[in-house]
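I have placed the structure first, in the form of structure tokens, so that the comments after it can refer back to it.
Since every read-out is calculated from the coordinates, none of them should be taken as a lab result. Everything quoted here is computed from the prediction, not taken from an experiment. We place every Cβ from the backbone using ideal geometry, glycine too, and count neighbours over all the protein chains shown.
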Amino acid sequence: MNQEIPKVTRWWWVRHAPVPDVVNIYGQNDVDSDVSDRNVFEALARELPRGAAWFTSNLKRTQQTAEAIIGAMTDADPASGNRVPVSAFAEQHLGQWQGLNRAEFFAARAHLSHPFWFGPAAERAPGGESFDDLYARVTPAIERLSVENFGRDIVAVTHGGTIKAAIGHALQLSTDAALAFAIDNCSITRLDQLGSGPDSLWRVASINHRPWTGMESIRAASVMA
């Protein structure tokens, strides 16, 4: 008896390029990214599929990164020109923590912070969101776009917190466990959804994949939001 192989929707998550200001916390502040490393974007352009549905967040650092990747493509890909910003894919809103000195923040909260994030997943930043809040807005957007783009490749240029949430959703992890993944700037995380709806399955193809050589320039600038 032949069993029908489910269609696969492939999510190619890309974290935005480094932000020049590595001193202060930015969260949802709409800061620029540094897209000057041509080698990185040429490597990403070679790796990412053609004909995909493209999405970014509503923050310009993701849009600048997407533009740099597309600009590095040596072959025309008309589909990449139809990028759609999705506000649900924005980084965690860190409220009154945004703009604070990063080192001073973590020093003052050494006994409170999550080892890999600004705080435990359930802690809401004053005037902002918790990671749980981010997770609650990211995951329905993933499922909606998976249905709308069923069986396609999806390139989503977003943020570290957003991609951690996507991994947690795929693996059915607790939100605190999802925060443990390292997501470097410009890295690719590929998550494949087999089928659609509540009976679908998720397969992890890669996490934090960096398809370029000469890691030093990106590693030095890779920090949390």
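Some notes on this structure:
- On the basis of the beta-carbon distance and an R0 of 25 Å, N82 and Q172 show a calculated FRET efficiency of 0.20.
- Principal axis analysis of the Cα atoms in the chain yields extents of 61, 39, 27 Å, listed in decreasing size.
- Whole-number percent relative contact order across the range 99-180, with pairs defined as alpha carbons under 8 Å at least 6 apart: 27
- Relative contact order [Cα under 8 Å, 6+ residues apart], the chain, whole percent: 32
- The value of relative contact order for the range 29-136, using C-alpha pairs under 8 Å at least six residues apart, is 24 percent.
- Between amide H atoms placed 1.01 Å from N, distances below 5 Å from A156 occur with W12, W13, V14, F55, all of them 5 or more places distant or on a separate chain.
- Compared with the alpha-carbon gap, the fully stretched path from V147 to H111 is longer by 8.8 nm at 0.36 nm per residue.
- Order of V22, V40 - criterion: other Cβ atoms within 10 Å of each residue's Cβ, fewest first: V22, V40
- Going from the residue with the fewest nearby Cβ atoms within 10 Å to the one with the most, F116, F55, F181 rank F116, F181, F55.
- Around the amide H of A125, modelled in the peptide plane, lie the amide H atoms of S130, all under 5 Å away and 5 or more residues distant in sequence or on another chain.
- Phi angles across the range 129-140 convert, under the Karplus curve 6.51 cos²θ - 1.76 cosθ + 1.60 with θ = phi - 60°, into 3J(HN,Hα) values of 10, 9, 5, 4, 4, 4, 4, 5, 9, 6, 5, x Hz, Gly and Pro given as x.
- For the listed peptides 80-92, 139-151, a ranking on the average number of other beta carbons within 10 Å per residue, highest first, reads 80-92, 139-151.
- Percent of Cα pairs in the range 118-187 per distance bin of 5 Å, from zero to the largest separation: 3, 16, 26, 24, 19, 9, 3, 1, 0.
- About its Cα centre, the dipole of the range 8-221 is roughly 220 debye, where the only charges are +1 on Lys and Arg Cβ and -1 on Asp and Glu Cβ.
- Residues S206 and R38, FRET efficiency given R0 of 25 Å [Cβ-Cβ distance, rounded to 0.05]: 0.65
- Bridge orientation summary for the chain: considering DSSP beta bridges with both residues in this region, about 55 percent are antiparallel.
- Put in order of Cβ neighbour count within 10 Å, fewest first, the listed residues D21, D199 become D199, D21.
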